Structures are given as C-alpha cells and as structure tokens.
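The values are calculated or read from the model by the stated rules, or taken from the named source; none is laboratory data. These numbers were taken from a predicted model, which means no experiment stands behind them. Cβ atoms come from the backbone with ideal geometry, glycine included; neighbour counts cover every protein chain shown. Remember, those area values only see protein heavy atoms, side chains included, never the ligands or the DNA or RNA. Shrake-Rupley method; radii C 1.70, N 1.55, O 1.52, S 1.80 Å.
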Amino acid sequence: MATIKPAAGDLWHTFARAHRLLVSKLDSTLQEMHGLPLSRFEALAHLHTAGSLRMHEFAERLVLSRSATTRFVDRLEQEGLVTRTLCADDRRGMELKLTEEGRHRLRQALPTHRRLVERYLIDSLGSQMATTVAGALSTIAQEVGD
C-alpha cells in the first residue's frame, strides 16, 4: 500500500480543515444575516457574472452532477431566485437567469460575503501571499479539472 509523504499529508489535512472552517463560517453567517446559504450565494453570483448560463455550464461552474443540478435549480426556481427557459438557439437546452428577487438577494449578501473573504483570506494572509495562494489553487484546479 502506498503511503502519503508526511509533508503532503500535512498540506492536505491543513487545506481540508481550513476549507471546511471557512465554508462553514461563510455559510452560517450568510444564512443568519441574509437567509441565503453559501451554495445559493455562489449560484447567484455565477449567474450574475455570466448574465445567463445553460444548465451544463451552471453545473460545471458549481461542480455538480447533472441530477444534483436539476434538483438545485428546482429549489432556486421555487424560491423565485432564477428562471429557466428554453435556449433561443437550441430548443433542447435550458438557460438560467437571475430573477429580480435573485439579484436583490445577491446584492444584500454581497457585502457580507466580501467582508468575510477579506477578513479570513486577505487579512489573514496579506495581499502578496493571498495572490500566491490564489495562483497555486488555480494551478491545482486546472490540473484536477483536466
């Protein structure tokens, strides 16, 4: 059985713990202050940035399976945060867009999210190290995503 080198194991456990703690903090604060879990905030932010997304693009950005995406979008639609329509250029595909309520909820939560990210990432690391870490994580995402 192959073993993980001690440095790799330490890196992995530290990364995973930091990720879980940060996600938990963001999720609980966004829910408490805005009634918007982090998963919904991220979904709304992706749609806001893109303007609209096809279902498969939405799934790729959120790293969700096809069935999980459908269930998630069903909930977002039921909450009045997104609309789902047939794609104009391909009547087989579905396109997602934010509703006015979705934009409103995102605008309300955005300052809280930004403040927490700045506090726990930028302030903790400093801007130079934060830039280095962002580059390293981008490299990992590209390697794993291929």
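Of the peptides 34-41, 132-139, the order by per-residue mean of other Cβ atoms within 10 Å, starting with the highest, comes out as 34-41, 132-139.
So what is the calculated 222 nm ellipticity per residue for the chain, using -39500 (n - 2.57) for each DSSP H run with n of 4 or more, over all residues, to the nearest 500 deg cm²/dmol?
Theoretical 222 nm ellipticity from helices: -23000 deg cm²/dmol.
For the stretch 1-128, a crude dipole built from +1 on the beta carbon of Lys and Arg and -1 on the beta carbon of Asp and Glu, taken about the Cα centre, is about 140 debye to the nearest 20. Spatially, the stretch 1-63 and the stretch 122-146 are offset by 14 Å when compared through their Cα centroids.
Ranked by solvent-accessible area (1.4 Å probe, protein heavy atoms only, all chains present), the residues MET94, MET55 order from largest to smallest as MET94, MET55. The H on the amide N of GLY93, modeled in the peptide plane, is under 5 Å from the matching H of CYS87, each at least 5 residues off or on a different chain.
Under 5 Å from the amide H of LEU36 lie the amide H atoms of GLN31, each residue being 5 or more positions distant or on a separate chain, with H modelled from the backbone and absent for Pro and chain starts. Computed on protein heavy atoms with a 1.4 Å probe, the accessible areas place HIS48, HIS104 in the order HIS48, HIS104, largest first.
Whole-Hz Karplus values for the stretch 17-30 come out as 5, 4, 4, 4, 5, 5, 4, 4, 5, 4, 4, 5, 5, 5 Hz, taken residue by residue from phi with 6.51 cos²θ - 1.76 cosθ + 1.60 and θ = phi - 60°; glycine and proline positions read x.
Look at the dipole of the stretch 1-116 built from charges on Cβ: of LEU11, MET94, HIS46, the Cα furthest out on the positive end belongs to LEU11.
Rounded to the nearest 20, the Cβ-based charge dipole of the stretch 1-63 about its Cα centre (Lys and Arg +1, Asp and Glu -1) stands at 120 debye. As an exercise, use a Förster radius of 30 Å and the Cβ-Cβ distance of GLU42 and ALA8 to find the FRET efficiency, rounded to the nearest 0.05. For R0 = 30 Å, the calculated efficiency reads 0.60. For the chain, taking Cα atoms only, Rg and Dmax work out to 17.7, 54 Å respectively.
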